[in-house]
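Working notes for the structure below.
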Amino acid sequence: MYTAIVEDKCAIAADGGSMMLTVRNAAGKETVFFINRGFDVKNTPKYNQVRDDKGHKLSDSEKQQLFAHLKTLKTRCSSEDCAEFVDAFVR
């Protein structure tokens, strides 16, 4: 499971709202998650899809588990910006 949010590797894409969030596990391995909220996919099945850096599309169950875990990790954010970013990612 992930133990930290990597704040300097979080980004908002220029497509109208997609977001990238990097997390780290206890061994130091980082995983990137990308949530698709681009204008071009709004009102399509691709909107709000979450993929990891290997291209795996998270199922609804996996996505909800990730979001729940991110909410607990949010308490470890060292800045308000990080906490706000996590809130926006899991919305």
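The values are calculated or read from the model by the stated rules, or taken from the named source; none is laboratory data. Keep in mind that this is a model prediction, so the values were computed, not measured. Cβ placement follows ideal geometry from the backbone for every residue including glycine, while neighbour counts extend to all protein chains displayed. Only protein heavy atoms, including side chains, enter the accessible area calculation; ligands, DNA and RNA are left aside. Shrake-Rupley method; radii C 1.70, N 1.55, O 1.52, S 1.80 Å.
Points to keep in mind about this one:
- Sum of -39500 (n - 2.57) over DSSP H runs of 4+, divided by residues of the chain (222 nm, nearest 500): -8500 deg cm²/dmol
- In the complete set of protein chains, residue-level accessible area for H69 is approximately 40 Å², probe 1.4 angstrom.
- Put simply, the amide H of Q49, placed in the peptide plane, has neighbours under 5 Å in N36, leaving out anything fewer than 5 places away on its chain.
- Degrees separating the helix 60-73 axis from the principal Cα axis of the chain, which is the longest one: 40 degrees
- Database note for the chain: Cys without another Cys beta carbon under 4.7 angstrom, C10.
- Y2 long-range amide H proximity, modeled H, under 5 Å: none
- Phi-derived couplings, Karplus 6.51 cos²θ - 1.76 cosθ + 1.60 at θ = phi - 60°, listed residue by residue for the range 45-59: x, 6, 5, 6, 5, 10, 10, 8, 6, 9, x, 5, 7, 6, 5 Hz, with x used for Gly and Pro.
- Distant-in-sequence amide contacts of S18, defined by a placed amide H-H separation under 5 Å and a gap of 5 or more residues or a different chain, comprise A13, R37, G38.
- In order through the range 14-31: 3J(HN,Hα) via Karplus (6.51 cos²θ - 1.76 cosθ + 1.60), integer Hz, x for Gly, Pro: 8, 9, x, x, 5, 9, 10, 10, 10, 10, 10, 8, 4, 7, x, 6, 9, 10
- Relative contact order for the chain, counting Cα pairs under 8 Å that sit 6 or more residues apart, in percent: 22 percent
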